[in-house]
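Q: Quick one: this structure, given as structure tokens, is what I'll be asking you about.
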Amino acid sequence: MHNTVKNLIYIEDLIKSKVNHDKLPKIIAVSKTFPIEKILPLIEHGHLDFGENKVQEALDKWSDIKTNNSNIKLHLIGKLQTNKVKFALRIFDYIHSLDSEKLANKIANEQEKQEKKPKIFIQVNIGNEDQKSGIKNERLEDFYKFCKNLNLDIIGTMCIPPNDGNTKKYFFEMNKINQELNFNESSMGMSEDYLEAIKNNATYVRVGSKIFGSRN
């Protein structure tokens with residue numbers, strides 16, 4: 001059995017041991033920068049959710065595979081530039097990083113043209129960090145209404161918490177926000193903190209190095 005598959009099974013078992021309800025969170029295997037040879041064993045094993053952060057890399061790597069395996073779901077977990085939206089919609093099923101009205105408008109126009117509606121997470125700037133993308137907490141409800149009016153399929157929120165040792169606090173806050181807005185889905189938690197995210201009802205966790213090993 002390939003190492004990546006062993007790593008995935010280990011993580012799945014760990015999650016099962018921590019979650020005390022039926023709906024297990026989905027593991028997005030973050031395959032960005034890894035060649036397709038490293039990803040194929042997971043596809044052959046039957047894993048369906050993969051994460052990339054660059055549109056062009058995703059098109060190059062995944063176009064053929066997705067044509068042959070329509071069950072695979074590709075998640076855009078990196079920042080999406082407005083000039084890449086039309087290409088992003090061709091390959092991605094989920095967008096985790098909606099962070100502005102300009103981008104929302106662009107996606108709305110493009111999904112009408114392509115007749116393809118991605119599932120979208122609103123990126124929340126949970127730590128109010130100036131250097132980070134995302135919608136500030138106090139603007140979130142209005143932004144959500146704005147997106148609904150554009151007919152976007154908003155399914156939940158996403159965050160990348162500040163690296164200040166308070167991850168637990170931020171995940172707790174995100175869980176509260178999600179409940180207030182009646183979202184069923186929440187994208188948070190990465191290789192180092194996905195178990196903490198799951199305690200706070202994360203339904204999608206983005207795990208890269210714990211599956212594929214460290215990046216060069």
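Q: Select from the range 156-185 the residues that are without any contact (Cβ under 8 Å) to a residue 40 or more places away in the chain and within 13 Å of the chain's Cα centre (by Cα) and write down the one among them that is farthest from residue 110 (Cα to Cα).
A: So the residue we want is 160.
Q: Quick one: count up the residues across the range 11-56 that are over 22 Å from residue 91 (Cα atoms) and either of a type in the set (Asp, Glu) or more than 17 Å from the chain's Cα centre (by Cα) (or both).
A: Summing the residues that are over 22 Å from residue 91 (Cα atoms) and either of a type in the set (Asp, Glu) or more than 17 Å from the chain's Cα centre (by Cα) (or both) in the range 11-56 gives 13.
Q: OK, next. Please go through the range 154-170 and give me each residue that is of a type outside the set (Lys, Arg) and either more than 17 Å from residue 77 (Cβ to Cβ) or modelled with pLDDT under 95 (or both), ordered by number.
A: If the condition is that a residue be of a type outside the set (Lys, Arg) and either more than 17 Å from residue 77 (Cβ to Cβ) or modelled with pLDDT under 95 (or both), then 160, 161, 162, 163, 164, 165, 166, 167, 170 are the ones that fit.
Q: Restricting to the range 178-215, give me the number of residues that are assigned to a helix (DSSP H, G or I), within 20 Å of residue 21 (Cβ to Cβ) and hydrophobic (A, V, I, L, M, F, W, C).
A: 3
Q: For the list (1) buried (at least 16 other Cβ atoms within 10 Å of the Cβ); (2) among the basic types (Lys, Arg); (3) more than 17 Å from the chain's Cα centre (by Cα); (4) within 22 Å of residue 157 (Cβ to Cβ), I need the number of the one condition that residue 66 fails.
A: The number of the failed condition is (4).
Q: Quick one: in the range 22-52, of everything that is assigned to a loop (DSSP other than H, G, I, E, B) and either in contact with a strand residue (DSSP E or B) (Cβ under 7 Å, 6 or more places away or on another chain) or in contact (Cβ under 8 Å) with a residue 60 or more places away in the chain (or both), which residue is surrounded by the fewest Cβ atoms within 10 Å (Cβ to Cβ)?
A: Checking each candidate, the answer is 23.
Q: Can you report the number of residues in the range 143-170 which are touching a strand residue (DSSP E or B) at 6+ places or on another chain (Cβ under 9 Å) and more than 30 Å from residue 113 (Cα to Cα)?
A: 1
Q: Can you tell me how many residues in the range 155-187 are buried (at least 21 other Cβ atoms within 10 Å of the Cβ) and among the aliphatic types (A, V, I, L, M)?
A: 3
Q: Can you tell me which residues in the range 134-148 are without any contact (Cβ under 8 Å) to a residue 40 or more places away in the chain and not aliphatic (A, V, I, L, M)?
A: Scanning the range 134-148 gives 134, 136, 138, 139, 142, 144, 145, 148.
Q: Quick one: is residue 16 of a type in the set (Lys, Arg), farther than 15 Å from residue 210 by Cβ, at pLDDT 95 or above and assigned to a helix (DSSP H, G or I)?
A: In short, no.
Q: Do the conditions hold for residue 7, that is, is it part of a helix (DSSP H, G or I), of a type in the set (S, T, N, Q) and either buried (at least 16 other Cβ atoms within 10 Å of the Cβ) or free of Cβ contacts under 8 Å to residues at least 12 places away in the same chain (or both)?
A: Answer is yes for this residue.
The values are calculated or read from the model by the stated rules, or taken from the named source; none is laboratory data. Quick caveat: nothing in here was measured; it's all calculated off a predicted structure. Here the Cβ is made from the backbone with ideal geometry for all residues, glycine too, and neighbour counts use every protein chain on show.
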